[in-house]
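First comes the structure, then the notes that go with it.
All of the numbers you see were taken from the coordinates with simple rules; none came from a lab. What you see is a predicted model, and the numbers here were worked out from it, not measured in a lab. We place every Cβ from the backbone using ideal geometry, glycine too, and count neighbours over all the protein chains shown.
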Amino acid sequence: MPFSGEIHERVANAPAVPPGLPLVMLLTGFTDAGNAVSGLIEHLRETADPQPVVVFDNDVLLDYRARRPVISFDQDHLTQFRPATLELSLATDALGQPFLLLAGYEPDFAWNAFARTVLDLATEFEVSGLNWVHSIAMPVPHTRPIGTTVSGNRRDLSVVHSVWRPRTQVPATAGHLLEFRFAERGDRAVGFVLLVPHYLAETENPNAVIAAAEKLMASTGLVLMLDEIQERREDYLAKIDEQVIGNEELQQMVHNLERRYDAYMAGRNPEDGSYDEGGFNERDLPSADELAAELERYLASRPSGDDDKSGRG
């Protein structure tokens, strides 16, 4: 039986939503390599002044035991309960341009009801289209720009921004379902999949957050404030490079990824035997897990004063 109850609540005294705004969707959950989505949500909550219009019901959509809320304990008593949130908010960019922001956790339950609700809200507010981003881990080097795979019906964006166009089946997310439903009824919809270096997927990667913001700006015309993240990115990448330079095995692995990346971008087949110059054997290199652990140990060893800029989780 389809779910027929209410899954959301209108916020009292919420701001009026002008018609024709872009809808930006950021859902955390199944994949978030480099914390691209969660990092951008946090950044927009600090810089875009989101004012909630609709709040979704955790008791209907969230599996508390799979993603337990945080509660604070102070010596002998509990002080604060912090549940996850999923909200549709009216936000503004650096130029004061308004947009709708659907941000928070990916629903665990009632996907069809969630999709219907978002579609109804999109119709009510006459949104100009759906724009969303998520990230996956890929064997690519951190020394090259983060690539994207683009889906949806915005051919103008897929031609320019989609560097990898596979034909495959993947585990779906609620974001995929919403994109499919928007496109199905003829609304504009675009999804960006960031291809984040696999050995940095478990770190808080400012480079991934910036890439997510840049793709959304390209699809919406918004201008997002990124100065603070830009500063963290420079420091983060400098620390990664310092660690790689000090480890010959890591250098070799990154160099191989660079060659594969450059060959692919040049239109050559990276699996061609002639491409593997010098008889390089990738099996002699550390695994992605070993490389990630090495980098994590390095970042964790930095003085505490550097933590806020290190990008480390």
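Figures for the structure shown
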{"read-out": "HN-Hα J in Hz across segment 251-262 - Karplus 6.51, -1.76, 1.60, θ = phi - 60°, x for Gly and Pro", "value": "4, 5, 5, 5, 4, 5, 4, 4, 5, 5, 4, 5"}
{"read-out": "Relative packing of peptides 168-177, 202-211, 39-48 - highest average C-beta neighbours within 10 Å first", "value": "202-211, 39-48, 168-177"}
{"read-out": "Neighbourhood net charge (14 Å Cβ-Cβ; Lys/Arg +1, Asp/Glu -1) for residue 40", "value": "-3"}
{"read-out": "Summed residue charge, Cβ within 12 Å of residue 53's Cβ, Lys/Arg positive, Asp/Glu negative", "value": "-2"}
{"read-out": "J(HN,Hα) series, segment 51-64, from Karplus relation 6.51 cos²θ - 1.76 cosθ + 1.60, nearest Hz, glycine and proline x", "value": "10, x, 10, 9, 10, 8, 7, 4, 5, 9, 9, 10, 8, 4"}
{"read-out": "5 angstrom amide H check on residue 133, placed H, neighbours 5+ away", "value": "25, 27, 192"}
{"read-out": "Taking N as its residue count, the alpha carbon Rg of segment 110-181 over 2.2 N^0.38 Å", "value": "1.32"}
{"read-out": "Loop-located chymotrypsin sites (Phe, Trp or Tyr not before Pro) in segment 28-122 whose Cβ has at most 15 other Cβ within 10 Å (DSSP)", "value": "30, 64, 109"}
{"read-out": "Where N is the number of residues in segment 134-264, Cα Rg divided by 2.2 N^0.38 Å", "value": "1.16"}
{"read-out": "By average C-beta atoms within 10 angstrom, highest first, the peptides 7-13, 182-188", "value": "182-188, 7-13"}
{"read-out": "Student exercise, segment 46-174 dipole from Lys, Arg, Asp, Glu Cβ charges, in Debye to nearest 20", "value": "860 debye"}
{"read-out": "Segment 1-150: C-alpha pair distances exceeding 19 Å, %", "value": "60 percent"}
